[in-house]
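Read-outs: derived from the displayed coordinates by stated rules, not from any lab. Everything numeric here is computed off the predicted structure, so don't read it as measured data. Don't worry about glycine lacking a Cβ; one is built from the backbone with ideal geometry, like all the others, and counts go over all protein chains shown.
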Amino acid sequence: MNSSFTIVQLIISMLLFYVMFFGIGFLLNMLLRMTWLMAVVYPIVILLVIDDVGIFDYFTNPVESFSMLGNTITSMTGSDIAVLLAGWAGAITSGFVMKILRKMGYQMF
């Protein structure tokens with residue numbers, strides 16, 4: 001992401017990621033009946049997205065792959081981290097909402 005975010009772009013990006021991953025998490029919860037699936041999968045997917053290393057490189061060349069991942073994470077700006085955390089918060093919120101709806105009697109599918 002570009003490190004020269006304006007505050008408006010940051011707020012819109014955070015809201016977009018929150019709503020998007022809330023929706024994805026809600027749909028996965030309805031279809032798979034696994035309440036916390038998206039909250040667990042989200043960090044793994046984000047780590048694979050922000051890093052330029054393939055999945056199999058983590059198994060074939062782990063030292064270099066995790067070193068590159070560490071460099072990528074430490075070079076992220078505060079706005080990048082805020083947007084990604086907003087997405088994770090959306091995924092976690094979808095789990096709580098699904099638990100509440102199931103407790104109230106809604107079975108979804």
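In percent, rounded to a whole number, the relative contact order of the range 36-109 is 41, using alpha-carbon pairs under 8 Å and six or more apart. Find the centroid of the Cα atoms in the range 85-107 and in the range 25-63, then give the distance between the two in whole Å. If we compute the Cα centre of each part, the gap is 18 Å.
Taking label positions 7 Å along the Cα-Cβ direction at both ILE50 and VAL63, the computed distance is 2.5 nm, reported to one decimal.
Our helix-only sum for the chain, with -39,500 (n - 2.57) per DSSP H run of n ≥ 4 divided by its residues, gives a mean residue ellipticity at 222 nm of -25500 deg cm²/dmol. Cβ-to-Cβ counts within 10 Å put TYR58, TYR106 in ascending order as TYR106, TYR58, the fewest first.
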